[in-house]
Amino acid sequence: MFPDARGKFERASCLPCTLQGNSDDDMPLQKFRYVDHLLPFYLKEEQSLIVIERSQMDNSNQSKTANQASTSVEPTPLSWGKSYLMCPPDYFGVFYEINPWMHRENRPDFELAIEQWHNLVANLRRAGAKVEMIEPVKELPDMVYVANAGLVDGQRLILSRFRHAERQPESIYTSQWFQARGREVAELVGEDDISFEGCGDAFPFRGSLLAGYGFRSDLSSHAVLSRLLGVTVHSVKLIDPRFYHFDISFSPLDNRHAIINPAAWDRASNAIIEQLVPEPLVLELDEALTFCANSVVVDKVIVMPACPPRVGRILERWGYDVCVSPVSEFLKAGGAVRCLTLPLDMTISNPAMNYKEGEPKLLHESENVQLDL
Ligand code: ARG
């Protein structure tokens, strides 16, 4: 339960979003442009919905949550997040459109992109992270978004299966990089056309895996992941195409805190997250549209593409140092700080749970959620 943020959370989760979608492939690609601080466009057509204007929002609720965090249970830092793979943006650009943020005519400024990317590397290193590089490949402009390359589990990489043909060739190079460093590369076996877009759609949290589906990754990939990793997978249905990857709506900070954007998920998924995350930082839609949930935590430093003032205040109260590392040029292709990094130090599998092969643990229903603490 969210003792204090609950009211806001419920409101957000029942927002009648104009863009509610589903996982159907034939859903028309909606177009958006990134602008700083887009205003929320809540529909007011649902009569029963009480729309609380931003100015009346009870920030003190969120503050209380924050205070409780500091006075009650001391959070444990994430066990991962100190080592990243990145890919230099030598061939970066917007040459095709596979998410609502991409418009070929809205070209990134190449020089600025290079500068922002190097600045991000420097900020991550300054925060204490190790950063390794994979060589960029010509004609693979999205290879910079290396979070989608796969999911690291100890010495093993679970290789992604990209939904879009434009990104599929990236996997060959990812696979080579990991194999050359002595890591095992596991492929998803199952249905032929199953897609799974790596860390962009999955995070370990409190002993299980939280995984998004609906736009890029298929729900059926979760059973395969659960079998491969031997952990419970909590499936989160993404319903807003602007937040087409899970990592744009969910950012784990430590074992108690996460930045979350409830408007990106369906109601059942909201209930799951509500039970799993003891103290969430619940974003308003306009805050989420800055991509601030697409952030990376290195110990107590949070490296963010943008930090709306309220979000910054809460993070600071929770003891985080905020480092804003602008990535405006990469937002033009629909990705920010988290998308540009792949954590190399994650261990997800839990041999102690000892699942039998063929018995995936999947939870879609909130009542089934059990916390593995
Ligand atoms: N243009 C890339 C794509 O559409 C952006 C990927 C963003 N990555 C992420 N982890 N959210 O695939």
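Before moving on, here are some points about what is shown:
- Contact annotation: no residue pair with Cβ atoms under 8 Å, 6 or more positions apart or on different chains, pairs a residue in segment 85-109 that is surrounded by fewer than 16 Cβ atoms within 10 Å (Cβ to Cβ) and small (Gly, Ala, Ser) with a partner that is at pLDDT below 95 and outside any strand (DSSP E or B).
- Residue count, segment 278-312 (criterion: more than 22 Å from Arg126 (Cα to Cα), out of contact with any helix residue (DSSP H, G or I) (no Cβ under 7 Å at 6 or more places or on another chain) and among the charged types (D, E, K, R)): 1
- The residue of segment 190-220 that is surrounded by the fewest Cβ atoms within 10 Å (Cβ to Cβ), among those that are assigned to a loop (DSSP other than H, G, I, E, B) and within 13 Å of the ligand (Cβ to nearest atom), is Ser195.
- Single match in Asp240, Asp247 (criterion: under 19 Å from Trp80 (Cα atoms), within 14 Å of the ligand (Cβ to nearest atom) and touching a Cys at 6+ places or on another chain (Cβ under 7 Å)): Asp247
- Taking residues in segment 244-256 that are under 15 Å from Lys300 (Cβ atoms) and in contact (Cβ under 8 Å) with a residue 12 or more places away in the chain, and partners anywhere that are within 11 Å of the ligand (Cβ to nearest atom) and not in a strand (DSSP E or B), the pairs with Cβ atoms closer than 8 Å and at least 6 places apart or on different chains are Ser251/Ala293; Ser251/Asn294; Ser251/Arg338.
- Some residue of segment 113-123 being buried (at least 21 other Cβ atoms within 10 Å of the Cβ) and in a loop (DSSP other than H, G, I, E, B): no
- Hits in segment 286-300 - residues which are touching a Leu at 6+ places or on another chain (Cβ under 9 Å) and over 22 Å from Pro108 (Cβ atoms): Asp286, Val297, Val298, Asp299
- Count of segment 95-139 residues which are acidic (Asp, Glu) and over 24 Å from His164 (Cβ atoms): 4
A quick yes/no check of all residues on (1) part of a strand (DSSP E or B); (2) in contact with a strand residue (DSSP E or B) (Cβ under 6 Å, 6 or more places away or on another chain); (3) surrounded by 24 or more Cβ atoms within 10 Å (Cβ to Cβ):
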position	(1), (2), (3)
Arg227	no, no, no
Val231	no, yes, no
Val236	yes, yes, yes
Asp247	no, no, yes
Ser251	yes, yes, yes
Ile259	yes, yes, yes
Ala263	no, no, yes
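- Look at segment 197-212: where a residue is closer than 19 Å to Pro169 by Cα and a partner is within 8 Å of the ligand (Cβ to nearest atom) and of a type in the set (D, E, K, R), sitting 6+ places away or on another chain with Cβ atoms under 6 Å, you get Glu197/Arg216; Gly200/Asp247.
- Members of segment 157-189 found to be more than 16 Å from the ligand (Cβ to nearest atom), more than 26 Å from Ile272 (Cα to Cα) and either touching a residue at least 60 places away in the same chain (Cβ under 8 Å) or in a loop (DSSP other than H, G, I, E, B) (or both), listed by number: Trp177, Arg181, Gly182, Arg183, Glu187, Val189
- Test: Tyr91 is of a type outside the set (Val, Ile, Thr), under 21 Å from the mean Cα position of the chain (by Cα) and either within 16 Å of the ligand (Cβ to nearest atom) or assigned to a helix (DSSP H, G or I) (or both): no
- Residues considered: Glu316, Glu329. Of these, the only one that is within 16 Å of the ligand (Cβ to nearest atom) and assigned to a helix (DSSP H, G or I) is Glu329.
- Screening Val303, Val322 for residues that are farther than 30 Å from Ile158 by Cα and part of a strand (DSSP E or B) leaves exactly one candidate, Val322.
- The residue that is nearest to Leu315 (Cα to Cα), among those in segment 226-277 that are touching a Leu at 6+ places or on another chain (Cβ under 7 Å) and of a type in the set (Asp, Glu), is Asp254.
- Within segment 265-292, the set of residues being touching a Cys at 6+ places or on another chain (Cβ under 8 Å) and part of a helix (DSSP H, G or I) comprises Arg267 only.
The values are calculated or read from the model by the stated rules, or taken from the named source; none is laboratory data. Note that the structure is predicted; figures quoted are calculated from it, not measured. Backbone-built Cβ (ideal geometry, glycine too); neighbour counts: all protein chains shown.
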